[in-house]
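Below is one structure, written out as structure tokens, with a few remarks after it.
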Amino acid sequence: DWTMAAFKGEMIQAIKDQVGDGKVICGLSGGVDSSVAAVLIHEAIGDQLTCVYVDTGMMRMGESAQVTALFRDHYDINLIHVDASDEFLGLLAGVSDPERKRKIIGGTFIDIFEREAKKVGGAKFLAQGTLYPDVIESVSFDGGPSVTIKSHHNVGGLPERMDLKLVEPLRELFKDEVRALGRELGLHDDFVGRHPFPGPGLAIRCPGEITKSRLDILREADAVYLDQIRKHGLYDDIWQAFAVLLPVQTVGVMGDSRTYDFVLALRAVTSTDGMTADYYPYSHEFLGETATRIINEVRGVNRVVYDVTSKPPGTIEWE
Ligand code: XMP
């Protein structure tokens, strides 16, 4: 629509005025906010922008390849892609406390981001996809189980440490406006309509100890679950949907043999801002069909349960 087009033009001018001929670095998470910020800034200043994407190994199926393809190949944006999965997995080995997981991931992310950002010689600005609700909420890395949406992308302390000024073009926008702006910038509907994804990624959907093999099982099951949701046309009615791999094994039967595999919990909620949420009222047919598909298609899972907890008292994520 024309108002968004005009607004886009104003924002591009504001970015040019702020940045001049300086270099900007931007942490890309693959989520909607940082992606829209990056594409907007790229329209304003082109090659003066370099994006840094840190693959923590806690991403969903195919996600890192999609981010690389979209930004480097399609938009031709300077992109540093760091595969840090081994580093993250190593540091998380043996850790099952949710708060420790979050601290390790947040701290390691900042260290790697700083290391990579330094390679972009002479950067003066750090771009972030901060939205209006993030500005008015307090943001912290260690804010208990209900950490605010931006804790991961908020590279806390880094601007001062590296002497960078912040560029936050989305500071006055709400999520739906960011989505509209993304469409105006030519980002695909499927992309701008994506469910939120937490910074610590699959690590907080894998209660207990995180191992590569448990992450792989979770990634596969999550992909089947999301495929079911898309096939049934439910994706856009749901605020967020994901699978959680429980650290519990149960007995089952498959053919004529006994199995002893993990339990997978499915979560889906409706919400307007993530602060409160209701569980999504799937039909029993949908739940039954999805459970059958997951158990048949994913090795390592032999039981599926559905989480019917609202927020409060539950949180959306399990950790
Ligand atoms: P909870 O689980 O607190 O989640 O009800 C509310 C919303 O925030 C997301 N979330 C996070 N996002 N870093 C993020 O970027 C985090 O550490 C984090 N923890 C939760 C969650 O996915 C939901 O949308």
Geometric extent, Cα atoms of region 211-306 - Rg, Dmax (angstrom): 13.9, 47
J(HN,Hα) series, region 101-118, from Karplus relation 6.51 cos²θ - 1.76 cosθ + 1.60, nearest Hz, glycine and proline x: 4, 4, 5, 4, 5, x, x, 5, 4, 5, 4, 5, 4, 4, 4, 6, 5, 5
Karplus-derived HN-Hα couplings along region 214-225 (A = 6.51, B = -1.76, C = 1.60, θ = phi - 60°), whole Hz, x at Gly and Pro: 5, 4, 5, 4, 4, 4, 5, 5, 4, 5, 5, 4
Inter-probe distance in nm under a simple model that places probes 7 Å from Cα toward Cβ, at D97 and S310: 3.4 nm
Spin-label model distance (nm) - V253 vs D163, 7 Å beyond Cα toward Cβ: 7.2 nm
Centroid-to-centroid separation of region 220-251 and region 6-64 [C-alpha atoms, Å]: 29 Å
All lysines inside 24 Å of K124 as judged from Cα atoms, apart from same-chain residues fewer than 8 positions distant: K8, K16, K23, K150, K165
Fewest-first sequence of R205, R115, R258 by Cβ atoms within 10 Å of each Cβ: R258, R115, R205
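Determine, for each peptide in 237-247, 298-308, the mean count of other beta carbons within 10 angstrom over its residues, then list the peptides with the highest first.
Order by mean packing, descending: 237-247, 298-308.
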FRET efficiency estimate (nearest 0.05) - Cβ-Cβ, R171 to T3, R0 22 angstrom: 0.75
Tilt relative to the chain, helix 32-45 - C-alpha long axis, 0 to 90 degrees, to 10: 20 degrees
Whole-Hz ³J(HN,Hα) from phi, Karplus 6.51 cos²θ - 1.76 cosθ + 1.60, for region 181-192, glycine and proline x: 5, x, 4, 4, 7, x, 6, 5, 3, 4, 6, 6
Counting all C-alpha pairs of region 168-226, share separated by more than 13 Å (%): 71 percent
5 angstrom amide H check on Y306, placed H, neighbours 5+ away: L266
Local electrostatic count, R219, Cβ distance below 12 Å [Lys/Arg +1, Asp/Glu -1]: 0
Per principal axis, descending, Cα span of region 1-117 in whole Å: 52, 28, 26
Degrees separating the helix 2-19 axis from the principal Cα axis of the chain, which is the longest one: 60 degrees
Dmax and Rg, reported as Rg then Dmax, of the chain (C-alpha, Å): 20.2, 70
Acute angle (nearest 10 degrees) that the helix 284-297 long axis makes with the longest principal axis of the chain, alpha-carbon atoms: 90 degrees
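None of the figures in this text is laboratory data; all of them are computed from the coordinates on show. The shown structure was predicted, so the numbers you read here are calculated from the model rather than taken from an experiment. In this analysis, Cβ positions are derived from the backbone assuming ideal geometry, glycine residues included, and neighbour counts consider all displayed protein chains.
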